[in-house]
Structure formats: structure tokens, C-alpha cells
Amino acid sequence: MCGIVAYIGFRPVLPVLQDGLKRLEYMGYDSSGIGLLDSGRLRIFKAPGKIRELEKKLENEEIKGNLGICHTRWATHGEPNEANAHPHLSAGGKIAVVHNGIIENYAVLKKKLLAEGISFASETDTEVVAHWIAKFYKGNLSQAVLKALEHVEGAFGIAVICEDEPDVLIGAKRGSPLVLGVGENESFLTSDVSTIVGHTQKIVYLEDNDVVTVSRAGFEVKNIRDKTVSREIQEVDNDFELVQKGDFPHFMLKEIFEQPEAIKNCIRGRLLLNDGNAKLAGLDKSLKELRSIDRIIITACGTSYYAAMVGEYLIEEWAGIPVEVEYASEFRYRNPIIGSNTLVFTISQSGETADTLAALKEAQNKGATVLSICNVVGSTIARTSNGGVYLHVGPEIGIASTKAFNAQVTVLSLIALLLGRQRRLSSVQGMEIVQAINSLPAAVEQALKLNDEILEIAKVYYKHTNFLYLGRHFHYPVAMEGALKLKEISYIHAEGYPAAEVKHGPIALIDANMPVVIVAPKDALFDKIVSNAREIKARGGKLIVVTTADSAPLDEFADHIIKVPSVNSALMPVITSIPLQLLAYHIAVLCGNDVDQPRNLTKSVMVE
Ligand code: AGP
């Protein structure tokens, strides 16, 4: 997604911004740009493509200045070319703006500007903001931004500089994240706190409709009505400095292999062995309320949505509470029925996904308590929720989510256990589940040993153009997630399906060119899925089966058998997902793709 880093202080600004761009890179983008004051003159450098294209343009530049803004763009309005890259300039070239989000009424604002004779250099919605600020500029940038934003509808996080005000950096936000980092005689604005924690860990989370005026000496936050508001400075951890690929060729592979440790961190201190229960500090305040809920809605997007589906089965199985799972993008615009005993969960790795945040607010607006499962500490969703549980798996850099998925499922199993113990699970049953959750890291470790085997399977199939992924019950969401992983990074068309549904249509697709990945561990539905696998085989499909020991009769007719270790059947998604992550990874590498930053994708989708 688009990313912003801005700086005002005493250091040479260019290296600070270049470092910021590199740290934003993991989010995914298609062009980048820098705007800075060089010896008092506003200069802009932009390039489509990777950041190295921008660096080439900066190679022979000697910049003198310590105020600037930079941006990575993920195209929404207009293709990813140089003209559409940020920063955008006002007419006259004195004011530069970088922007995340979408200006919904930009067409109306643009029409007015065109009528006034202003000409446009790009197709973006952002350029309108630069011109609109200039329209109100009378020697005070902060006032001009405040006045301009009165006319702007939509979501934005912006950073603004002006050639005539070399000691001022302005930031503003509504519906898109923007944080201020406060250092000694220097400050930073960013859309992603991980980009600046190496410089300062003193952070101000700006709120919607805040406009912050930042100077070298300090900062002042005003609301949209021009009233000064107080915002607390918080200390954050500097986890992000540690993130390196190490010996791994890609972050995604590193994160796949980190999963045993990630799950250990996720469950550390949260399992009560003797009580057969889970202890989740973020839910402590809600424990009484949790006892009386009779319905749960979980809302999320993408991989987090598939984790939610596993959560649905887990909670229904262990706690007996009806659960509905809904895409956040649908939930937010429906008229969801939320009773007084309905509890809403949102799930988001990044904690910044626009649709999930909007769904959260819609649920709160209807009176629901909303608890969230997030990875990024201090993220907007985490701060907006009424409580929740962090994953504690460290930053996830690969755009294709892997360790977060399994940590989300693990946290959902803890929640299901806690809710189950308040209802129908005995302490003995609880103890068995605790042991099963505790066994996950070792089982994941075992499953990772299949890596070489899976690479060989990937070599057979990476040139295929379609895949089907099938599963039943707990493994239906796993199949969906496996297909999503393959699509995201290999660009191969893949569909996840409930295995028994295939005969209602998709079976028409099966022939010798269709690899079908079936997730079929030995569980209560094993015989059923064996029948589904036979139906595929009978039509010439190529069968790649993820199963467990004692997998006869699948061994007789599958083309490839991948045997993962067994754990409690409700927790098996954490194990069966591992080969699917590895298969997608190896196929994408064999296809020669940029695995960590696949085309068109972004780490957190901050537009709807
Ligand atoms: C996962 O591999 C995807 N990149 C994507 O589907 C992601 O899970 C989705 O955008 C939701 O993100 P979130 O968990 O940060 O809200």
C-alpha cells in the first residue's frame, strides 16, 4: 500500500528519506518519490517501478537540506508512471504533498479547480489536495491545510511541505494511519511506525481529523475546527530493527520456517495446564461479558478471513456458540443484526486494513463489543477495539501471510478453549486441549522437514496454469488459504473448494492438466474425502494429497502423498497449511517471481 515517511530536523534529509523508502518497501508499491528543500528550493524526484529506479536519479545529486517527504505509491487513480507518483505539487510548484488513501470527492474538487484555470500534471486524486491547499495559502501552511481539508471527503494521511516555510512540516489524517515520531530536535511523520523506530521510539498516534504542525522544536496538534488538542507521547518497542532475512533467500521462506518459534511466542504464558484453560490478558476485562454471549461474528479479509473460518469451526466445536464469518468488505455495508449478546471479533495481521477497520466501527456503532486479533502492536484496529489478543509473532514482512495465519488460528484455538471452559468443556477435556496446543510447535517443526519433498513436487507442476485445492470441515478453509497463497505469489489461477462441492460443477474442469491438492488428514471425514479424491482420479486429475500416517487407500492412487504429523483434529489446520505454504513458495520461485513483493499486492490494504 502507499507509504509515507517525512522528516524535519538537523540531519541531511536525503539519506533519512532513502532509508524510509527502503523500510516501506515491504508493503508493496509500484512507484516512489521524494520531495525536499535543497538549499531552500523545493525539489521533486520520482520514478515508476522499484526504489532502485529512484536511487539512480539521485546518484549524482548533492542535496543540502533537512526537511522532506517521501512516498511509495500503490496505484489507485491513474497508472503507475512518473507523473502519477507522489509527491504532487501545487500550481506554481511551492507546495508538495504525499498522500495515502482515496479522496472520494476529487472529481468535484478538480472540476472547480479546472474552472479556475488550474492545470493538472497527473491523473491522481492527490494532486487536487496540493492545489486546494495552495488555494488557501496566505503565508501559513497549517491554516491552509486546515481550510483545504474542510472540503475534502474520503480517507487520507498526508504530509505537506512548502518552499516558503522551510521550518515546518504538516501532517493530517482521516481514516488512514499517520504517526508522529518525536526525537531530539527532529521529528518524523510516517504511515508505518516500523520505518522510524530506529530513529525514535517516542510516538504520537494521531487521531482522525488531527492536523499536526511539526517544527524542529516540537509539535502542535489541532483538530479540524482549529482547536489545539493534546495527544500523548507513547514509547514503543523497537522490534523492527531486528528483521533481516538471515540465511534465507526470501522473507516468506524465513517466516514459514519461523513458525515453530512464532507459535511458541504466541502461546507463551497463555496456557493454564492444571486448569485446562487459556489466559488471555486482553480479554480479562471481558470475561464476565463473554459468559453471556450467545452468538459470535468474526469479520476479516484475505488470509485473516480464512483463519476466521477455522475459528468458526473451533468455537462451535469446543464452546457450542454459533459463529458467523463474514468478509469485512461485505459486513460494513450490510445492515448486520447485532443482538445484545452478540460478540464481534475482527482479525487483522496489520491492524490497518480499511475494510476491517470500517466493519469494526460499524459493529461498535450498532452497540457490539468488538475484540480484535492483531499482530501489529498499537495498530489502528488494535487501538479502536474494546479489547483483544495480540499474536506476538514479530513483524511479518512477506506480503503473502504465513506465520500470521497459523498464529491467528492458534489464538482462535485459545479463545475457543476459554469460551468452551466457560460452557461445555470439562477440566479434563480442557487439559487435553492445552496439551494439544502445546504440541503444535514441535509438530510444525516436523512438518517443515517436508520442504525438500515439496520442492520436488513443485518442479513437476510449476508450469501448470490452474490448480484446485480441496478440503472438508477444518480443511476447507485451509484449501482456500492454500489456493490464495499460490495465486498471490505464483500468479497461477487456483481455487479452493469444499471437496464435496466439486461434483456440483467444478468437476467439469478436471483433466490431466489439472493438479488437485487435497487436504485429507485421517479424521472423522477421512473416508468421505477419499471418495472425493477417487472422483477426481477417475477423471484423470493429478492428485497431490496432504495427509497423515495410515493414509491407505489414498497411497494407492494419489500421484503424490505428503504426510504431515498428527495433532488434535481441530488443530490440524496449523499443520496441514505448512506444505501448502511451501508448495506455493517453491512454485513461485521456480516461476521466477518476486516472492516477497508480488505484483499488484500490498501488505496492508488501507483503501476500500
Ligand atoms: C495474505 O497473504 C494477503 N496478503 C492478504 O489476503 C491479507 O491477509 C489481507 O489483506 C488482510 O490483511 P490483514 O490481516 O493485515 O488485515
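The values are calculated or read from the model by the stated rules, or taken from the named source; none is laboratory data. Just so it is clear, the model here is predicted, and its values are computed rather than measured. FYI the Cβ positions are ideal-geometry reconstructions off the backbone, even for glycines, and counts take in every protein chain you see. Accessible surface areas use protein heavy atoms only, side chains included; no ligands, DNA or RNA. Shrake-Rupley method; radii C 1.70, N 1.55, O 1.52, S 1.80 Å.
In the chain, if the dipole is taken from +1 on Lys/Arg beta carbons and -1 on Asp/Glu beta carbons about the Cα centre, which of LEU113, VAL517, LEU450 is farthest to the positive end?
Checked the options; the winner is LEU113.
Please determine, in degrees from 0 to 90 and to the nearest 10, the orientation of helix 13-24 with respect to the longest principal axis defined by the Cα atoms of the chain, where the helix direction is its Cα long axis.
20 degrees
Rounded to the nearest 500, what is the chain's calculated 222 nm mean residue ellipticity when only DSSP H runs of at least 4 contribute -39500 (n - 2.57) each, over all residues? Walk me through the intermediate numbers first.
Numbers: 20 runs with 214 residues, N = 608.
It lands at -10500 deg cm²/dmol.
Among ASN81, GLY378, TYR29, which residue has its Cα furthest toward the positive end of the charge dipole of the chain, with +1 on Lys/Arg Cβ and -1 on Asp/Glu Cβ?
It is GLY378, whose Cα lies furthest towards the positive end.
So for region 446-597, what percent of the C-alpha to C-alpha distances run longer than 26 Å? If you can, show how the numbers build up before the last one.
Numbers: 1743 of 11476 pairs.
The calculated P(r) of region 446-597 puts 15 percent of pairs beyond 26 Å.
Among the listed pairs LYS285/LYS449; LYS485/LYS528; LYS56/LYS202; LYS285/LYS522; LYS222/LYS285; LYS50/LYS147, which have their C-alpha atoms separated by more than 30 angstrom in this model? Walk me through the numbers on the way to the answer.
Numbers: LYS285/LYS449 41 Å; LYS485/LYS528 26 Å; LYS56/LYS202 33 Å; LYS285/LYS522 39 Å; LYS222/LYS285 33 Å; LYS50/LYS147 35 Å.
Table pairs above 30 Å Cα-Cα are LYS285/LYS449; LYS56/LYS202; LYS285/LYS522; LYS222/LYS285; LYS50/LYS147.
Could you state the angle between the C-alpha long axis of helix 126-136 and the longest principal axis of the C-alpha atoms of the chain, as a value from 0 to 90 degrees rounded to the nearest 10?
30 degrees
Relative to the Cα centre, what is the charge dipole magnitude of the chain, using +1 at the beta carbon of each Lys and Arg, -1 at the beta carbon of each Asp and Glu, and rounding to the nearest 20 debye? The partial results should precede the final answer.
Details: 62 positive and 73 negative charges, 144 e Å.
With Lys and Arg at +1 and Asp and Glu at -1, about 680 debye.
For ARG174, what residues show an amide H to amide H distance below 5 Å, using hydrogens built from the backbone and excluding near sequence neighbours?
HN-HN under 5 Å from ARG174: PHE156, GLY157, ASN209.
Which Rg and Dmax, in Å, describe the Cα atoms of region 430-504?
15.4, 47
Taking amide H atoms as placed 1.01 Å from N in the peptide plane, list the residues 5 or more away in sequence, or in a different chain, whose amide H sits under 5 Å from that of LYS542.
Those qualifying (amide H under 5 Å, at least 5 residues apart or on another chain) are MET514, VAL516.
For region 286-344, which trypsin sites (Lys or Arg not before Pro) are in a loop by DSSP, counting at most 15 other Cβ atoms within 10 Å? Don't jump to the answer; show the numbers that get you there.
Numbers: sites: LYS288, ARG291, ARG295, ARG332, ARG334; in loops: ARG332, ARG334.
For trypsin sites (Lys or Arg not before Pro) across region 286-344 that sit outside H, G, I, E and B with at most 15 neighbouring Cβ atoms in 10 Å, the list reads ARG334.
To the nearest 20 Debye, how big is the dipole of region 3-242 about its Cα centre, given +1 on the beta carbon of each Lys and Arg and -1 on that of each Asp and Glu? The partial results should precede the final answer.
Numbers: 27 positive and 35 negative charges, 128 e Å.
My answer is approximately 620 debye.
Taking the Cα centre of region 149-223 as origin and charging only Cβ (+1 Lys, Arg; -1 Asp, Glu), how large is the dipole, in debye to the nearest 20?
Values: 5 positive and 13 negative charges, 57 e Å.
Result for region 149-223 is approximately 280 debye, rounded to the nearest 20.
Under 5 Å between amide hydrogens, which residues at least 5 positions from VAL389 or on another chain qualify, with H placed 1.01 Å from N in the peptide plane?
Under 5 Å from the amide H of VAL389: SER372, ILE373, CYS374.
With a 1.4 Å probe and every protein chain left in place, tell me how much accessible area TYR461 has, in Å² to the nearest 10.
Spelled out: TYR461, probe radius 1.4 Å, area about 10 Å².
At a 1.4 Å probe radius, which order do ARG73, ARG534 fall into by accessible area, largest first?
Numbers: ARG73 5, ARG534 115 Å².
Listed by decreasing accessible area, they come as ARG534, ARG73.
Can you find, among THR548, ILE102, ALA47, the residue sitting farthest towards the positive end of the charge dipole of the chain, where Lys and Arg contribute +1 and Asp and Glu -1 at Cβ?
ILE102
How many percent of DSSP beta bridges within the chain run antiparallel, rounded to 5? Present the calculation step by step, with values, prior to reporting the outcome.
Working: 61 of 102 bridges.
Taking every DSSP beta bridge within the chain, about 60 percent pair in antiparallel fashion.
Report, to the nearest 10°, how far helix 475-490 tilts away from the longest principal axis of the Cα atoms in the chain, using its own Cα long axis and a range of 0 to 90°.
Approximately 50 degrees, to the nearest 10.
How many percent of Cα pairs in region 89-193 exceed 21 Å? Don't skip to the end; give the middle numbers.
Working: 1705 of 5460 pairs.
Of all Cα-Cα distances in region 89-193, 31 percent exceed 21 Å.
So how many Å³ per residue does the convex hull of the Cα atoms of the chain work out to? Intermediate results must be reported in sequence, preceding the final value.
Values: hull volume 94.7 nm³, N = 608.
It is 156 Å³ per residue.
Express in nm, to one decimal, how much length is gained between GLU289 and ASP237 on full extension, taking 0.36 nm for each residue of separation and deducting their alpha carbon distance. Working shown, then result.
Numbers: separation 52, 0.36 × 52 = 18.72 nm, distance 3.12 nm.
Here the segment from GLU289 to ASP237 would lengthen by 15.6 nm.
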